[in-house]
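The values are calculated or read from the model by the stated rules, or taken from the named source; none is laboratory data. Fair warning: this is a prediction, and the values are worked out from it, not measured in the lab. Note that we place each Cβ from the backbone using ideal geometry, even for glycine, and neighbour counts take in every protein chain shown. Heavy atoms of the whole protein, side chains included, go into the accessibility calculation; ligands, DNA and RNA do not. Shrake-Rupley method; radii C 1.70, N 1.55, O 1.52, S 1.80 Å.
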Amino acid sequence: MSPRLARAGLALVVATSWASVASAAWQATPPASDDDLEVPAAKASSVVAPAPSASPALVGTAPGTPPSTAPRLLPASPGPPSSPVASDVAAELAELRARVQSLEANGATDTKKTTEPAHPIVRSDPPTSSLPSTSFDGSAWSRAWPRGLVVSGYVQAQYQQSQASQDQLDANGAPLNQNRFLVRRARLRIDRGWDYASATIEVDGNNQNGVAFGLRRAEASLLERASDPAAPPLVALTAGLTGIPFGYELYEPNRTRLFLERTTSSRAFFPGDGDFGATLGGALGFFRYSVGIFDGTPVPDSQPTAIGFDPTSQKDLLARFGAETQPAENVGLSGGVSFLRGTGFHAGTSATKATLQWQDTNQNGVVDPGEIIGVPGQAATPSQTFSHWAIGVDLELRVRTPVGRALLYGEAYVGQNIDRGLFVADPIATGTNLREVGWYVAYVQEVTRYGVVGLRVDAYSPNGDATTQLGGALLPLDQTITTWSPLVGFVLPDRARLVFEYDHILNHQGLDTRGVPASLPEDQWALRLQVEM
Amino acid sequence: MRAGAIAGAGIAALLAVTSCAGEQTSPNTGITEPIRVETAQFVPGGLPGVPQSDAATVDGGVNPQVTDVNVANTAIEQGELGLVLSGHATTGAQAVGVRFADLGTGYWLVPVGAPDPSDDGLLTWQASADFGRNLPPGFHDLVFAAVAPDGSSGTQSDLSVCIDLPVPDNLNICVPKRKPPVAVLSLSWDQPVDLDLIVEDPSGVVVGGDLGSAQPPDAGSAANTGNGVLDHDSNRDCVIDDIDREDIVWQSTPAKGTYQVWVDLFSACGKPSVTFSVSLWLAAAQADGTQRLVQQQPPLATGIMTAVDANGGAARGLYVGDFVLR
């Protein structure tokens, strides 16, 4: 026997012995069907369906060894047994091979069933990272929930300038300068995915209004995964500090959105993109659904300490029902409708004591008779609540073009007393309900894998019933704020992107030389560098 | 790359369209102007309309115009807050502009309000104005103009106002017939701290600081005739009034001799340091026979005190010099 044949024979004996031991062990302790399987940290390949490759394990080759080399060590068919043990092993091997071939044959007939995605695949194909990094990488409503431990994060650093910037302080002493360097978001996120459960923690640091660190996401979920590992779960029950299921833009992670910030109306309706509550959602084929109940106090990441204080016992009920389809090979279409109904809060006032007040009625700077008046104390006023609601519709079209992927999307909202971030609605104070309307249309286009251009137009009307006096007559006032936001960016796929965005803002907050409401200059631009961790 | 170029051209075209979508106002907020009007729009440049002097030949003036201006007091303190200006404008006006004729770089535009049924349906208007702390004392004209919807404007209206001196002068600068104080010693500083001015006169009487209560400068009692009186204690006990100035006033002829001056940092109010200036103002005869307060140059003293100099009134503080009255 040549040395090479001797080593091959020894390897065969070792391999077959290990296989029999493993087989015996497998038969002795079969896993319970409901046991969670702990999977290593998800790499790109863990998200896509793994290729069937049982044979390397059977022959004990190291992971990554080309499977074509291992089968050569096995006989094509059972040969004459050299001993009783070898005969048993060979028979068992033959039986196992037959079973594998049978399974592979069955799998081949079900190829369409196992590879057909439950979502449009006009996105990274296959996904190149465990979590999507741009809007092109699929809808947030169709994201795959990772298994194993996934540690991720990103940093958004930017320089920004604004026409509204002044080297002055506001009435509270806060600087009005907006021309500055900024760490907009520095996020660190940990996901732990099990078969039937998942947990997520995400923290953020930024210096938008001074350095602030806070919790941005803390989710605990029970879920039933889909057969396609790249598909969202069939159903997931999530509780904690989680995303708000309303529309498309609000639910899309800040990490993937190419435009630097959400639109004006989205930030007015939802000052923050997370809230404390619970959701039940998932994907059934093309159907996407999510129903949630929340405290109704979303706060921006620049005020992390304000999060979680709900002044009302009533909760906000939100829902989004949508669909995702692929009408053509390179086209994906998705959309949904969203609802919100909840309760707002009007703060009462504390009791006041009687005071003396000087009113310099003749403006001479001297206390004259009759200018000192007594102001009697006032009793406290109780806080009150009011109802608010919003309805939204969103539509997204994904197309793979010759120069890269493209995404055209838009949303429209209407609401009542729902502005909590910009022109805060308080119908108790104003005595009338405030009707808000917002919409946007956005288009982003990859230019090869390394470039991106885009344009977004959004408009927000905070009060559809606003009036103003013009020439002595009371006339309706259009308070709509319209923003045109072109962007251009350089992308290192799944690593970094450098994006320049200019916001041309048209409002009605100034007066022109005729006294007619006109736009007050507040254009702004920012150059943002985002790098993944 | 061709698609990228097309997209870029499209964005440029859209921006060009949107830039014409509506008139924008000036980004200048007018915060440094000598007059600032709350909730009004600042417009750089000259006030529209025809000056009153040029329109004198036109009987009744050219519309639209401001017909009347109401103000509680035409004597304005430097840094005065919330002076209410109001009045009427002819029908057809859409806004009223206001500025100083000889100060500032632009005007403020206020929309007119409802018609006044008690005044022939003229349109009402109202503005609340703040004034800068560095306005030059003396008489200045506030000029008003009404603006029509087409941007045209008629005859301007003038209102003469008087900016008072920063030190107590019995309003002499606005009403020269009123006699000013004989002398005023003034301390001013640049930070919201509790700083006190202390003077010891030739007879040994100490005025100011935490050593005696402040009295109005024109109290007129026999006890203070010829003696200096502290007009007020600015930022007393760190209750910040932002006046940052206090004065010792001699309404009648003070005793002749040498006056010694101290500046005492009672409390730094959390500030690390403060820069101060002490100046002497004396009444001087004018050519028309009246008198006017004139600031003596150079200032008696200028200096810096730091937080460690704060003594809570335990001593007179920093001796800054003396002056002689003859």
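One table, with the values for the structure above:
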read-out: Verdict on A:ARG405 being under 30 Å from A:LEU498 (Cα atoms) and open to solvent by less than 50 Å² (accessible area, probe 1.4 Å); value: yes
read-out: Selection within the stretch A:442-470 - free of Cβ contacts under 8 Å to residues at least 24 places away in the same chain and within 8 Å of chain B (Cβ to nearest Cβ); value: A:GLN469
read-out: Matching residues in the stretch A:386-396 - criterion: being open to solvent by less than 70 Å² (accessible area, probe 1.4 Å) and more than 30 Å from A:PHE136 (Cβ to Cβ); value: A:PHE386, A:SER387, A:HIS388
read-out: Hey, A:ALA473 surrounded by fewer than 16 Cβ atoms within 10 Å (Cβ to Cβ), among the hydrophobic types (A, V, I, L, M, F, W, C) and under 30 Å from B:VAL147 (Cβ atoms) or not; value: yes
read-out: Sole exception among (1) in contact with a Gly (Cβ under 9 Å, 6 or more places away or on another chain); (2) at pLDDT below 95; (3) open to solvent by 10 Å² or more (accessible area, probe 1.4 Å) for B:ALA95, by number; value: (3)
read-out: Pairs with Cβ under 6 Å, 6+ apart, first in the stretch A:348-369 and within 30 Å of A:GLN384 (Cβ to Cβ), second modelled with pLDDT of 80 or more and outside any loop (DSSP other than H, G, I, E, B); value: A:GLY348/A:THR381; A:THR349/A:THR381; A:THR355/A:VAL375; A:GLN357/A:ILE373; A:GLN357/A:VAL375
read-out: Subset of the stretch B:76-101 (residues that are assigned to a strand (DSSP E or B) and at the interface with chain A (Cβ under 7 Å from one of its Cβ atoms)); value: B:LEU83, B:ALA95
read-out: Breaking point among (1) open to solvent by 40 Å² or more (accessible area, probe 1.4 Å); (2) away from chain B (no Cβ under 14 Å), for A:TYR413; value: (1)
read-out: Top-ranked residue of the stretch A:206-242 - restricted to ones that are at pLDDT 95 or above, open to solvent by less than 20 Å² (accessible area, probe 1.4 Å) and among the small types (Gly, Ala, Ser), ranked as nearest to A:GLU532 (Cα to Cα); value: A:SER221
read-out: Where a residue in the stretch A:407-421 is without any contact (Cβ under 8 Å) to a residue 60 or more places away in the chain and its partner, wherever it lies, is of a type in the set (S, T, N, Q), with Cβ under 6 Å and at least six apart; value: A:GLN416/A:ASN433
read-out: Qualifying positions in the stretch B:99-149 - basic (Lys, Arg) and open to solvent by 40 Å² or more (accessible area, probe 1.4 Å); value: B:ARG133
read-out: Checking A:GLU249 against (1) surrounded by fewer than 21 Cβ atoms within 10 Å (Cβ to Cβ); (2) within 13 Å of the chain's Cα centre (by Cα), the condition it does not meet; value: (1)
read-out: Some residue of the stretch A:265-277 being of a type in the set (Gly, Ala, Ser), touching a residue at least 60 places away in the same chain (Cβ under 8 Å) and part of a strand (DSSP E or B); value: no
read-out: The stretch A:141-165, residues that are part of a loop (DSSP other than H, G, I, E, B), modelled with pLDDT of 90 or more and open to solvent by 40 Å² or more (accessible area, probe 1.4 Å); value: A:GLN163
read-out: Qualifying positions in the stretch A:176-198 - of a type in the set (A, V, I, L, M) and surrounded by fewer than 16 Cβ atoms within 10 Å (Cβ to Cβ); value: A:LEU176, A:VAL183, A:ILE190, A:ALA197
read-out: Selection status of A:ARG435, within 14 Å of another protein chain (Cβ to nearest Cβ) and either open to solvent by 50 Å² or more (accessible area, probe 1.4 Å) or touching a Phe, Trp or Tyr at 6+ places or on another chain (Cβ under 7 Å) (or both); value: no
read-out: In the stretch A:485-498, the residues that are within 12 Å of another protein chain (Cβ to nearest Cβ), without any contact (Cβ under 8 Å) to a residue 40 or more places away in the chain and open to solvent by 50 Å² or more (accessible area, probe 1.4 Å); value: A:VAL488
read-out: The stretch B:102-138, subset within 14 Å of another protein chain (Cβ to nearest Cβ) and part of a helix (DSSP H, G or I), residue farthest from the chain's Cα centre (by Cα); value: B:PRO117
read-out: Check on A:LEU422, more than 9 Å from chain B (Cβ to nearest Cβ), open to solvent by 70 Å² or more (accessible area, probe 1.4 Å) and not in a loop (DSSP other than H, G, I, E, B); value: no
read-out: Within the stretch A:499-533, tally of residues that are more than 9 Å from chain B (Cβ to nearest Cβ), in contact with a Gly (Cβ under 6 Å, 6 or more places away or on another chain) and open to solvent by 20 Å² or more (accessible area, probe 1.4 Å); value: 1
read-out: Checklist (1) without any contact (Cβ under 8 Å) to a residue 60 or more places away in the chain; (2) among the acidic types (Asp, Glu); (3) more than 14 Å from chain B (Cβ to nearest Cβ) applied to A:ASP478, failing item; value: (3)
